[in-house]
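Structure, as structure tokens:
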Amino acid sequence: MNNITPYEKLIAAKLEEMPVPDMADSIWASIDMQLDAVVDTPKENPVHPFKINTKGWFIIAGIALLIGAIWWYIHSQSAANKTVTPTPVPEKTAPVPIAPADSSSLYPLPRKGTALPLPPVMKKDSISVIDKLPQQPPVDSIQVQLVPAIRVDSPEAKDNRPQERVFDSIYLLPTHKKPRGVKGITPNDYRISVQKDSTHKQP
Amino acid sequence: MAIAIRYAADTHEAADILTQAFVKMFRSIHTFDDTKGNFHGWLKRIIINESLDHIKQRSRFSSLELDTVEEPVVNNDIIEKTDAAAILELVRQLPPATHAVFVLYAIDGYTHKEIGGQLGISEGTSKWHLSEARKILQQKITAIKN
């Protein structure tokens, strides 16, 4: 089985002598056509017209960073302007009643119907309501504390007590210690003691 | 061309095999290493591989094992007196897989191990195909004698 038999050798010799048909021209034409078709087909890795190399990516990243920085600057500026811009306060005007002409009046009387601005009415005991804090020079952001406005109808305002402070983690204590309590009143004055009348109260 | 003709079913298929083989040869000419062998052997291997690809497309190689070995007895005088074209026609009448194994083994000198590697079959299957080819050829050559 593993050896080539004599008749097989004869068959091989006969097949080697086999005349080849004259198809060389057609075969070469076919080979030429297929090779041309192979050349005309695009390569496996065609060159992309918009291919970006490493340098291009760095340029794009730089431009993106620049645009981001500009946008952040503009956005922060606009945010700062929004916080600082004071809201317009309506003027308190009232018509001035026309008084009869007096010889003692040194100033000319206003015409009828004109409105003059009145100064704000300030009572001695009243608590001035501050809607807006006065604009302060720019300070470090750590030291800025927002104090809420005092409400007029709050119990603190009624009792003339200072409003409760809102403490946060960066609250700074004042440098000068204020005296506690009211002058002339000691802690003994607040001591609650049993009085005679309360022990002998009749049901 | 003579190599392709041995494996092909007809002349047109042989021309196709030769065309494909030469196109492959021109496309992979840069891979040829003359230290590993001569150019003729390299081109012959390309043509045989292309021929086997054609045979695989039109036939199925089933797994068969050879049980008994029967050496056919063929009179050499008959073969010598027979025309080469007639012998080629006898070989082409073999089943495609048997035809390929017979040509690879008996004419191109491949071993059963190499044939198994080329066609993706076992050595036993290759031996079975060779035995089948010998039996069929013996019958056909005997028929020519009669």
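The values are calculated or read from the model by the stated rules, or taken from the named source; none is laboratory data. Everything numeric here is computed off the predicted structure, so don't read it as measured data. Reconstructed Cβ throughout: ideal geometry from the backbone, glycine too, with neighbour counts over all protein chains shown. Areas reflect the complete protein model, heavy atoms only, side chains present, ligands, DNA and RNA absent. Shrake-Rupley method; radii C 1.70, N 1.55, O 1.52, S 1.80 Å.
Per residue, how many Å² of accessible area does chain B show with a 1.4 Å probe?
Numbers: 7320 Å² over 146 residues.
Value for chain B: 50 Å² per residue.
What quantity of accessible surface, computed with a 1.4 Å probe and excluding non-protein components, is buried in total between chains B and A, in Å² to the nearest 100?
Working: alone 8730 and 21380 Å², together 27100 Å².
So the total buried area for this chain pair works out to about 3000 Å².
Dividing the Cα radius of gyration by the Kirkwood radius, what Rg/Rh value follows for the stretch B:1-58? Walk me through the intermediate numbers first.
Numbers: Rg = 11.6 Å, Rh = 11.6 Å.
Here Rg/Rh amounts to 1.00.
So if I place +1 on the C-beta of Lys and Arg and -1 on the C-beta of Asp and Glu, and nothing else carries charge, what would the dipole magnitude of the stretch B:1-58 be about its Cα centre? I want it in debye, nearest 20.
Working: 8 positive and 7 negative charges, 28 e Å.
Result for the stretch B:1-58 is approximately 140 debye, rounded to the nearest 20.
What is the sum of charges around residue B:20, taking Lys and Arg as +1, Asp and Glu as -1, for the other residues whose C-beta is under 12 Å from the C-beta of residue B:20? Can you show the working numbers first?
Values: positive: B:24, B:27; negative: B:13, B:16, B:50, B:53.
For residues surrounding residue B:20, the net value is -2.
Taking 7 Å along the Cα-to-C-beta vector as the label spot, tell me the residue A:74-residue B:111 distance in nanometres, rounded to one decimal.
8.0 nm
Order the following by accessible area, largest value first: B:92, B:58. Probe radius 1.4 Å; ligands, DNA and RNA are ignored.
Details: B:92 50, B:58 95 Å².
I get B:58, B:92, largest accessible area first.
Compute the long axis of helix B:11-27 from its Cα atoms, compare it with the longest principal axis of the Cα atoms of chain B, and write down the angle in degrees, 0 to 90, nearest 10.
30 degrees
Return the subset of A:9/B:24; A:14/B:56; B:81/B:113; A:82/A:178 for which the Cα-Cα distance in this structure is over 29 Å, preserving the input order. Write out the running numbers ahead of the final one.
Numbers: A:9/B:24 31 Å; A:14/B:56 26 Å; B:81/B:113 33 Å; A:82/A:178 36 Å.
Over 29 Å apart, Cα to Cα: A:9/B:24; B:81/B:113; A:82/A:178.
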